[in-house]
Amino acid sequence: MHGQFSWYDLMTPDSAAAKKFYPSVTGWSTEEWDKGDYTMWTAVGVPFAGMNPISPEQTAQGIQPHWLAYVTVDDIGRAAEKVRSLGGRVMHEEEIPDVGRFAIIQDPQGAMLAIIKSSTPSPGWDGTPSLGKFSWHELMTTDYRAAFDFYRQLFGWENTGEMDMGPAGKYLMYGMKGKMFGGIYNREKERANVPPYWLFYANVKDVDKAAAATKKAGGTIVVPPMDVPGGGRVAVGIDTQGAPFAVHQSQAVTAKATLKAKKKPKSKAKTKTKARAATKKKSKPKSRGRAKARPKKAARKARRR
């Protein structure tokens, strides 16, 4: 559907290293495309992204490792003209046999994104979080209102609300048909040398474990696990080749994990121990002044738009 995120590419100089890094952090698997030399990322067996190599020549031109998202459009030609008329740039346009036509664009503030018209029907992502896949799309820019207006006119995105972050300014959330896709905000003064860019959050079961796995695999955590308004937990990292990425534990996933933990059967050993303790207590007279035993607190670890 026009305006929906539908694919992602990791632009990296070392695909072999990426294949080792991301599965340990996000739980992804890989699958080779049967129509060409292209590796795809899969979540629960379903392809949703891929990898493209960055050549030494591109590196020399200043292209750094990064993630690139594709947004479905009804017509590439019309969308490209719209980009130009709104002050953006079309950096590259190409037709891929049996896949469709795509173009890499740059918005007026300088952030890069891709648009695509698939050869076959592509439903895209409607805003419903799915474990393993990207569930939040965040733009850091220099003028969040102007940036949103650009994408609103190009994709039909809607403003779903704004949040005041104090000294950091406003955080605008956007989406379609009542579902949220992500957020847009102005970069902080101390990051004035960082060009506008998109950051994508992968939905995981446990953000804290994903952050720990990132460091263990050789990556870096730049924003440690933290709770976010509305429920859920996020963390931001950089992979072993330098590509920024983020992980998101949604409120629904957190609640499900907590419920599962509460229903977890107790081991036979613990049951026997408690039974013996109960037998001993029965043999002792009860004290009227004794307070009721407090239930033990369940340990919870739950650290995104």
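Of all DSSP beta bridges located in region 5-255, what percent are antiparallel, nearest 5?
The answer is about 80 percent antiparallel.
Sorted from fewest to most neighbouring beta carbons within 10 Å, what does the list ASP208, ASP37, ASP75, ASP239 look like? Walk me through the numbers before you get to the answer.
Numbers: ASP208 17, ASP37 7, ASP75 13, ASP239 23.
Least to most surrounded, the residues fall as ASP37, ASP75, ASP208, ASP239.
Decide, for region 71-207, between rounded, prolate and oblate: order the square roots of the alpha carbon gyration tensor eigenvalues as a ≥ b ≥ c, take rounded if a/c falls under 1.5, and otherwise choose prolate if a/b is larger than b/c, else oblate.
Taking the square roots of the gyration eigenvalues as a ≥ b ≥ c, region 71-207 is oblate.
By counting other Cβ atoms within 10 Å of each Cβ, how are VAL234, VAL228 ranked from fewest to most? Can you show the working numbers first?
Working: VAL234 24, VAL228 16.
Arranged by neighbour count, lowest to highest, VAL234, VAL228 become VAL228, VAL234.
Let a ≥ b ≥ c be the square roots of the eigenvalues of the Cα gyration tensor of region 5-255; is it rounded (a/c under 1.5), or, if not, prolate (a/b larger than b/c) or oblate?
Rounded shape, in that the Cα axes give a/c under 1.5.
Any aspartates and glutamates with Cα under 18 Å of the LYS177 Cα? List them, leaving off those in the same chain fewer than 8 positions away.
Counting by Cα, and skipping residues close in sequence, LYS177 has these aspartates and glutamates nearby: ASP74, ASP126, ASP149, GLU158, GLU162.
Once you order the gyration tensor axes a ≥ b ≥ c over the Cα atoms, which shape class does region 83-127 get: rounded for a/c under 1.5, otherwise prolate or oblate by comparing a/b with b/c? Intermediate values should be presented prior to the final figure.
On the way: a/c = 2.87, a/b = 1.57, b/c = 1.83.
Oblate shape, in that a/c is at least 1.5 and b/c is the bigger or equal ratio.
Would you mind calculating the relative contact order of region 5-255 from Cα pairs under 8 angstrom and at least 6 residues apart, reporting the percent as a whole number?
Relative CO of region 5-255 lands at 18 percent.
Using a 10 Å cut-off around each Cβ, can you sort GLU31, GLU94, GLU190 from fewest to most neighbouring Cβ atoms?
By the 10 Å Cβ count, ascending: GLU190, GLU94, GLU31.
Figure the gain on full extension for GLU94 and LYS177 (residue separation times 0.36 nm, minus the Cα-Cα span) and round it to one decimal in nm.
Details: separation 83, 0.36 × 83 = 29.88 nm, distance 3.03 nm.
Taking GLU94 through LYS177 to full extension adds about 26.9 nm, to one decimal.
For LYS19, which aspartates and glutamates qualify as cross-link partners when the Cα separation must be under 20 Å and same-chain residues fewer than eight apart are set aside?
Straight-line reach from LYS19, under 20 Å: ASP9, GLU31, GLU32, ASP34, ASP37, ASP239.
Read the figures in this text as sums done on the coordinates, not as results from a lab. If you're wondering where the values come from, they're calculated on a predicted model, not measured in any experiment. Cβ atoms come from the backbone with ideal geometry, glycine included; neighbour counts cover every protein chain shown.
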